[in-house]
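Data first, discussion second: the structure below is written as structure tokens.
The values are calculated or read from the model by the stated rules, or taken from the named source; none is laboratory data. It should be emphasised that the depicted structure is a prediction, and the values quoted were computed from it without experimental measurement. As a convention, Cβ positions derive from the backbone with ideal geometry for all residues, glycine included, and neighbour counts pool all protein chains shown. Note: accessible area is taken over every heavy atom of the protein model, side chains too, but ligands, DNA and RNA are not part of it. Shrake-Rupley method; radii C 1.70, N 1.55, O 1.52, S 1.80 Å.
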Amino acid sequence: MVGLKPTDIPPTATVKFLGAGMAACIADLCTFPLDTAKVRLQIQGESKPTKSVKTIHYKGVFGTITTMVRTEGPTSLYNGLVAGLQRQMSFASIRIGLYDSVKQFYTSTGSENAGVLTRLLAGCTTGAMAVTCAQPTDVVKVRFQAHVRLTDGTKKYNGTVDAYKTIAKEEGVRGLWKGTLPNITRNAIVNCGEMVTYDLLKEMLLKYHLMTDTFPCHFIAAFGAGFCATVVASPIDVVKTRYMNSTHGQYRNAFNCMLTMVILEGPTAFYKGFMPSFLRLGSWNVVMFVTYEQLKRAVMLAQQP
């Protein structure tokens with residue numbers, strides 16, 4: 001079978017914490033262009049074009065990527081990557097790496113397996129905790145991804161550090177925490193969709209002896225987790241992206257952003273960028289979970305005598 005076999009010693013909380021962050025960074029490196037395309041499609045149509053800025057219309061996932069490469073260069077697909085990696089090291093380490101520990105904390109004493117409600121509660125908890133710590137990195141990442149810079153244009157920010165400083169200077173420290181509430185809601189739902197679905201699918205495949213605890217099992221469970229997470233989280237994800245990328249005073253709050261979208265663009269606006277979201281989350285989950293499982297096993301195998 002492909003990959004390392006499960007070790008006799010289960011991975012420690014520290015191994016899970018660091019392994020989740022590293023695996024998430026690897027997944028981001030592989031799927032970042034899809035994430036950038038998703039952001040561009042999500043913010044499309046939110047503001048009227050001005051004479052000073054040329055309006056670019058994006059069509060579909062690969063059409064968006066092609067247009068960005070043609071008008072802004074290939075490197076535009078990785079705008080905000082540094083902030084994205086910073087986000088994953090702090091964000092994924094908490095929401096994924098601490099999931100099992102929090103699940104055990106919520107599980108009743110004497111129970112062998114956690115129930116669905118316990119898993120959902122653990123997913124919501126670690127998702128909310130992760131956003132609280134990593135929100136500024138998410139804001140900067142979205143700003144870089146959303147910024148349209150033509151080949152002969154000027155940069156909005158001179159690097160990631162400058163972006164943090166500029167946002168804090170122009171919008172106050174609260175600007176770095178913009179969209180925290182919708183982001184907490186979004187990531188609590190995404191984390192439940194990803195972690196609980198992966199947890200349950202993997203457990204079912206192993207329980208009924210449909211597969212062994214190897215790469216194919218991890219792949220199928222991760223793919224299912226990505227699809228479920230995309231379906232339930234897409235509306236909140238669009239609102240989060242719009243609100244984070246908005247200019248000061250454009251929306252009163254996240255709820256006002258949501259109402260504006262419904263009034264001006266209709267309910268279908270909540271699923272703008274669904275295909276890149278699914279391609280990104282599906283592929284991201286596959287890369288992340290498969291890498292995560294192998295990293296945990298490699299570290300624990302190295303520690304065995």
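Out of Leu295, Leu301, report the one residue that is open to solvent by 70 Å² or more (accessible area, probe 1.4 Å) and part of a helix (DSSP H, G or I).
Details: Leu295 fails: open to solvent by 70 Å² or more (accessible area, probe 1.4 Å).
Exactly one residue qualifies, and that residue is Leu301.
Of Thr241, Thr260, Thr247, all but one fail to be among the polar types (S, T, N, Q) and touching a Phe, Trp or Tyr at 6+ places or on another chain (Cβ under 9 Å); the exception is Thr260. One residue is enough: does the stretch 27-37 have a residue meeting the conditions modelled with pLDDT of 85 or more and more than 30 Å from Val196 (Cβ to Cβ)? No, every residue in the stretch 27-37 fails to be modelled with pLDDT of 85 or more and more than 30 Å from Val196 (Cβ to Cβ). For first residues located in the stretch 10-28 and in contact (Cβ under 8 Å) with a residue 12 or more places away in the chain, partners that are open to solvent by less than 70 Å² (accessible area, probe 1.4 Å) and not in a helix (DSSP H, G or I) and lie 6+ apart or on another chain with Cβ distances below 6 Å form the pairs Lys16/Gly97; Phe17/Gly97; Ala20/Ile96; Ala20/Gly97. If I ask for residues that are assigned to a helix (DSSP H, G or I) and in contact with a Lys or Arg (Cβ under 6 Å, 6 or more places away or on another chain), which ones from the stretch 166-198 would you list? Scanning the stretch 166-198 gives Pro182, Asn183, Arg186, Asn191, Val196.
Look at Ala225 and say whether it is open to solvent by less than 40 Å² (accessible area, probe 1.4 Å), assigned to a helix (DSSP H, G or I) and farther than 16 Å from Leu34 by Cβ. Yes: the conditions hold for Ala225.
Can you find even one residue in the stretch 130-145 that is open to solvent by less than 60 Å² (accessible area, probe 1.4 Å), over 30 Å from Pro74 (Cα atoms) and in contact (Cβ under 8 Å) with a residue 60 or more places away in the chain? For the stretch 130-145, residues open to solvent by less than 60 Å² (accessible area, probe 1.4 Å), over 30 Å from Pro74 (Cα atoms) and in contact (Cβ under 8 Å) with a residue 60 or more places away in the chain: present.
Would it be correct to say that Asp213 is open to solvent by 30 Å² or more (accessible area, probe 1.4 Å), acidic (Asp, Glu) and touching a residue at least 12 places away in the same chain (Cβ under 8 Å)? Judged against the criteria, Asp213 is a match. Restricting the first member to the stretch 232-261 and to residues that are among the acidic types (Asp, Glu), and the second to residues that are buried (at least 23 other Cβ atoms within 10 Å of the Cβ), the beta-carbon pairs closer than 6 Å and six or more apart or on different chains are Asp237/Arg186.
Checking each residue in the stretch 214-247 for being of a type outside the set (A, V, I, L, M, F, W, C) and farther than 28 Å from Met129 by Cβ picks out Thr214, Pro216, Thr247. The lone criterion from (1) small (Gly, Ala, Ser); (2) part of a helix (DSSP H, G or I); (3) open to solvent by 40 Å² or more (accessible area, probe 1.4 Å) left unmet by Gly249 is number (2). Output the residue which, of all residues in the stretch 74-119 that are open to solvent by less than 10 Å² (accessible area, probe 1.4 Å) and among the aliphatic types (A, V, I, L, M), is farthest from Asn191 (Cα to Cα). Filtering the stretch 74-119 for residues that are open to solvent by less than 10 Å² (accessible area, probe 1.4 Å) and among the aliphatic types (A, V, I, L, M), the one farthest from Asn191 (Cα to Cα) comes out as Ala83.
Being of a type outside the set (A, V, I, L, M), surrounded by fewer than 18 Cβ atoms within 10 Å (Cβ to Cβ) and either under 19 Å from Gln44 (Cβ atoms) or at pLDDT below 90 (or both) holds for only one residue in Gly179, Gly193, Gly266, and it is Gly266.
Being at pLDDT 85 or above and of a type in the set (Gly, Ala, Ser) narrows it down to one residue among Gly273, Gly226, Gly249; which is it?
Details: Gly273 fails: at pLDDT 85 or above; Gly249 fails: at pLDDT 85 or above.
None of the others qualify; the one that does is Gly226.
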